[in-house]
1. So, in segment 1-50, how many residues would count as being of a type in the set (Phe, Trp, Tyr) and without any contact (Cβ under 8 Å) to a residue 12 or more places away in the chain?
2. Condition first: loosely packed, with under 11 Cβ neighbours inside 10 Å and modelled with pLDDT under 95. Can you find one or more residues in segment 29-42 that meet it?
3. From the list Lys87, Lys25, which residue is open to solvent by 100 Å² or more (accessible area, probe 1.4 Å) and either aromatic (Phe, Trp, Tyr) or outside any helix (DSSP H, G or I) (or both)?
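The values are calculated or read from the model by the stated rules, or taken from the named source; none is laboratory data. Because the structure is a prediction, the values reported are computed rather than measured. Here Cβ is always computed from backbone atoms with ideal geometry, including for glycine, and neighbour counts include all displayed protein chains. These area figures cover heavy atoms from the full protein model, side chains too; ligands, DNA and RNA do not enter into them. Shrake-Rupley method; radii C 1.70, N 1.55, O 1.52, S 1.80 Å.
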Amino acid sequence: MLYKQCVICGKPIATADWYAYIRLKYCKHCAAEAARQQKADYARELRRKTREQNALTRELCRNQQQEIELLRQVVQRQRERLRVLEKEAGK
């Protein structure tokens, strides 16, 4: 039997498998708590990254909407100018 102490609570952990012994860090109770904490940390980081990406996307969308509005104004002015030129040419 190979013995090791739990990293969190210090309880002795025993296993006969060398490969399991190498990876073993926590007792069963602490392993469940550590997995829960790691999952919570992962989810928190994922939500933070998602918020950053969404904020960037919204900013790009706002910029593009402003650009589209400016281009629509330019097109409208050109159409008005074209109408005036067509009237003058038709006289």
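1. Keep residues of segment 1-50 that are of a type in the set (Phe, Trp, Tyr), which gives 3, 18-19, 21, 26, 42.
Then drop every residue that is not without any contact (Cβ under 8 Å) to a residue 12 or more places away in the chain, which leaves 3, 19, 42.
Total meeting the criteria: 3.
2. No, the conditions are met nowhere in segment 29-42.
3. Of the residues listed, the single one that is open to solvent by 100 Å² or more (accessible area, probe 1.4 Å) and either aromatic (Phe, Trp, Tyr) or outside any helix (DSSP H, G or I) (or both) is Lys25.
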